[in-house]
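The values are calculated or read from the model by the stated rules, or taken from the named source; none is laboratory data. From a predicted model like this one, the values you see are computed outputs, not experimental measurements. Glycine also receives a Cβ, built like all others from the backbone with ideal geometry; neighbour counts cover every protein chain displayed. Keep in mind that these areas ignore ligands, DNA and RNA; they rest on the heavy atoms of the full protein, side chains included. Shrake-Rupley method; radii C 1.70, N 1.55, O 1.52, S 1.80 Å.
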Amino acid sequence: CSSDLHQVYDFSLSCIPDNSLDYVFSYDVFCHISLSGQKEYITNLYKKCKQGCKLLIMYADPKKYLNNEPENIVNMTLGYSEEFIKKCNTHDSLIQNLIDDSDGEVMAGRWYWVGIENFIDMCESNNFTILSKDLDIDKTNPITLFEK
(Lines give C-alpha, C1' and ligand atoms only; values in the text may rest on other atoms or scores of the structure.)
Protein backbone atom coordinates (compact mmCIF):
# COMPACT_ATOMS: atom_id res chain seq x y z
CA CYS A 1 0.00 0.00 0.00
CA SER A 2 1.13 3.53 -0.65
CA SER A 3 0.70 6.11 2.10
CA ASP A 4 -1.88 8.23 0.24
CA LEU A 5 -3.97 5.80 -1.77
CA HIS A 6 -4.84 2.29 -0.67
CA GLN A 7 -5.98 -0.40 -3.06
CA VAL A 8 -7.03 -3.40 -1.02
CA TYR A 9 -7.53 -6.95 -2.17
CA ASP A 10 -9.50 -8.45 0.70
CA PHE A 11 -11.85 -7.33 3.43
CA SER A 12 -9.28 -7.51 6.22
CA LEU A 13 -7.57 -4.29 5.08
CA SER A 14 -4.38 -5.79 6.48
CA CYS A 15 -2.11 -3.41 4.53
CA ILE A 16 -3.62 -0.38 6.29
CA PRO A 17 -2.37 0.46 9.79
CA ASP A 18 -4.97 0.76 12.55
CA ASN A 19 -6.12 4.29 13.40
CA SER A 20 -4.53 5.75 10.25
CA LEU A 21 -7.33 6.90 7.93
CA ASP A 22 -8.67 10.46 7.88
CA TYR A 23 -10.99 10.02 4.90
CA VAL A 24 -12.47 7.11 2.93
CA PHE A 25 -14.16 7.38 -0.48
CA SER A 26 -15.50 4.40 -2.37
CA TYR A 27 -17.58 4.57 -5.53
CA ASP A 28 -18.75 1.66 -7.70
CA VAL A 29 -17.08 -0.95 -5.47
CA PHE A 30 -19.50 -1.86 -2.66
CA CYS A 31 -22.30 -2.48 -5.18
CA HIS A 32 -20.25 -5.49 -6.33
CA ILE A 33 -19.65 -6.86 -2.81
CA SER A 34 -22.10 -9.21 -1.10
CA LEU A 35 -23.82 -8.23 2.15
CA SER A 36 -21.54 -10.47 4.24
CA GLY A 37 -18.49 -9.06 2.45
CA GLN A 38 -19.66 -5.51 3.14
CA LYS A 39 -20.22 -6.36 6.80
CA GLU A 40 -16.68 -7.72 7.10
CA TYR A 41 -15.28 -4.71 5.25
CA ILE A 42 -17.13 -2.14 7.44
CA THR A 43 -16.17 -3.99 10.64
CA ASN A 44 -12.49 -3.97 9.69
CA LEU A 45 -12.66 -0.42 8.37
CA TYR A 46 -13.70 0.93 11.77
CA LYS A 47 -10.39 0.08 13.42
CA LYS A 48 -8.43 1.55 10.49
CA CYS A 49 -10.14 4.96 10.85
CA LYS A 50 -8.97 7.75 13.11
CA GLN A 51 -11.57 9.32 15.38
CA GLY A 52 -13.45 11.86 13.22
CA CYS A 53 -12.63 10.05 9.96
CA LYS A 54 -15.27 10.82 7.32
CA LEU A 55 -16.42 8.07 4.97
CA LEU A 56 -18.36 8.38 1.70
CA ILE A 57 -19.48 5.05 0.29
CA MET A 58 -21.74 4.30 -2.68
CA TYR A 59 -23.64 0.99 -2.81
CA ALA A 60 -26.74 -0.45 -4.47
CA ASP A 61 -30.32 0.16 -3.36
CA PRO A 62 -33.00 -1.39 -5.60
CA LYS A 63 -35.76 1.00 -4.52
CA LYS A 64 -33.78 4.13 -5.43
CA TYR A 65 -32.65 2.59 -8.71
CA LEU A 66 -36.14 1.51 -9.70
CA ASN A 67 -37.73 4.82 -8.66
CA ASN A 68 -35.32 6.79 -10.85
CA GLU A 69 -34.77 4.48 -13.81
CA PRO A 70 -37.84 2.23 -14.14
CA GLU A 71 -37.14 1.85 -17.86
CA ASN A 72 -33.95 -0.07 -16.97
CA ILE A 73 -35.64 -2.68 -14.79
CA VAL A 74 -34.18 -5.49 -16.90
CA ASN A 75 -30.65 -4.41 -15.85
CA MET A 76 -31.50 -5.20 -12.24
CA THR A 77 -32.00 -8.90 -12.91
CA LEU A 78 -29.23 -9.61 -15.43
CA GLY A 79 -27.75 -13.02 -14.75
CA TYR A 80 -30.60 -14.18 -12.51
CA SER A 81 -32.50 -17.36 -13.28
CA GLU A 82 -35.93 -17.35 -14.91
CA GLU A 83 -37.30 -18.83 -11.68
CA PHE A 84 -35.96 -15.86 -9.69
CA ILE A 85 -37.38 -13.35 -12.18
CA LYS A 86 -40.82 -15.03 -12.11
CA LYS A 87 -40.94 -14.49 -8.31
CA CYS A 88 -40.51 -10.75 -8.96
CA ASN A 89 -43.90 -10.01 -10.52
CA THR A 90 -44.33 -6.56 -8.89
CA HIS A 91 -41.89 -3.75 -8.16
CA ASP A 92 -42.23 -4.38 -4.41
CA SER A 93 -41.50 -8.09 -4.79
CA LEU A 94 -38.54 -7.35 -7.08
CA ILE A 95 -37.08 -4.94 -4.52
CA GLN A 96 -37.57 -7.37 -1.63
CA ASN A 97 -36.23 -10.39 -3.54
CA LEU A 98 -33.11 -8.48 -4.63
CA ILE A 99 -32.44 -7.35 -1.05
CA ASP A 100 -33.10 -10.87 0.26
CA ASP A 101 -30.56 -12.19 -2.28
CA SER A 102 -27.84 -9.68 -1.36
CA ASP A 103 -25.66 -12.56 -0.17
CA GLY A 104 -26.55 -14.79 -3.10
CA GLU A 105 -24.62 -16.46 -5.86
CA VAL A 106 -21.53 -14.80 -7.30
CA MET A 107 -21.95 -13.80 -10.95
CA ALA A 108 -19.64 -11.79 -13.20
CA GLY A 109 -20.51 -8.10 -12.93
CA ARG A 110 -23.22 -8.80 -10.40
CA TRP A 111 -24.73 -6.03 -8.30
CA TYR A 112 -25.57 -6.88 -4.72
CA TRP A 113 -28.68 -4.89 -3.90
CA VAL A 114 -27.97 -4.50 -0.18
CA GLY A 115 -30.38 -1.58 0.28
CA ILE A 116 -30.02 1.63 2.21
CA GLU A 117 -31.58 0.29 5.44
CA ASN A 118 -29.18 -2.66 5.61
CA PHE A 119 -26.19 -0.44 4.89
CA ILE A 120 -27.15 2.11 7.55
CA ASP A 121 -27.76 -0.68 10.11
CA MET A 122 -24.37 -2.18 9.28
CA CYS A 123 -22.59 1.16 9.82
CA GLU A 124 -24.43 1.95 13.04
CA SER A 125 -23.86 -1.54 14.44
CA ASN A 126 -20.12 -0.88 13.97
CA ASN A 127 -20.35 2.38 15.96
CA PHE A 128 -20.17 4.73 12.98
CA THR A 129 -22.30 7.89 13.11
CA ILE A 130 -24.47 8.55 10.06
CA LEU A 131 -24.17 12.16 8.89
CA SER A 132 -26.30 11.75 5.75
CA LYS A 133 -28.09 8.54 4.75
CA ASP A 134 -27.88 9.60 1.12
CA LEU A 135 -26.20 12.71 -0.25
CA ASP A 136 -28.56 12.31 -3.23
CA ILE A 137 -25.92 13.29 -5.78
CA ASP A 138 -26.30 10.04 -7.74
CA LYS A 139 -29.78 9.50 -9.09
CA THR A 140 -29.70 5.69 -8.92
CA ASN A 141 -27.41 4.82 -6.02
CA PRO A 142 -27.16 6.02 -2.45
CA ILE A 143 -23.95 7.59 -1.24
CA THR A 144 -23.84 7.58 2.54
CA LEU A 145 -21.71 10.00 4.53
CA PHE A 146 -20.70 8.77 7.96
CA GLU A 147 -17.89 9.14 10.48
CA LYS A 148 -16.08 7.38 13.27
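Roughly how large, in nm² to one decimal, is the mean projection of the convex hull of the alpha-carbon atoms in the chain?
Numbers: hull surface 34.6 nm².
Average of the hull's projected areas for the chain equals 8.7 nm².
So which lysines can K50 reach, going by Cα to Cα under 27 Å and dropping same-chain residues fewer than 8 places off?
K39, K133, K148
With θ taken as phi - 60° and the coefficients 6.51, -1.76 and 1.60, list the Karplus ³J(HN,Hα) couplings across the range 70-79 in order, rounded to whole Hz; mark glycine and proline as x.
Per residue, the Karplus-derived 3J(HN,Hα) values read x, 5, 9, 4, 4, 5, 6, 10, 4, x Hz.
Would you compute the Debye intensity of the range 1-50 from its alpha-carbon atoms alone, equal scatterers and no solvent, and pass along log10 I(q)/I(0) at q = 0.15, 0.17, 0.28 Å⁻¹ to two decimals?
Here the Debye-derived log intensity ratios amount to -0.37, -0.49, -1.29.
Considering only protein heavy atoms and a 1.4 Å probe, what is the carbon-and-sulfur percentage of the accessible area of the range 34-73?
Percent of accessible area from carbon and sulfur atoms in the range 34-73: 47.
Probe 1.4 Å, all protein chains in place: accessible area of H91 in Å², nearest 10?
100 Å²
Taking only protein heavy atoms into account and a 1.4 Å probe, give the accessible area per residue of the chain in Å².
About 55 Å² of surface per residue is accessible.
Once amide H atoms are placed 1.01 Å from N in the peptide plane, what residues at a sequence separation of 5 or more from L21, or on another chain, have their amide H within under 5 Å of its amide H?
C49, K50
Tilt of helix 116-125 relative to the longest C-alpha principal axis of the chain, in degrees (0 to 90, nearest 10)?
For helix 116-125, the angle is close to 30 degrees.
Go through 39-46, 51-58, 17-24, 106-113 and give me the packing order, highest mean Cβ count within 10 Å leading.
So the order, starting with the most tightly packed, is 39-46, 51-58, 106-113, 17-24.
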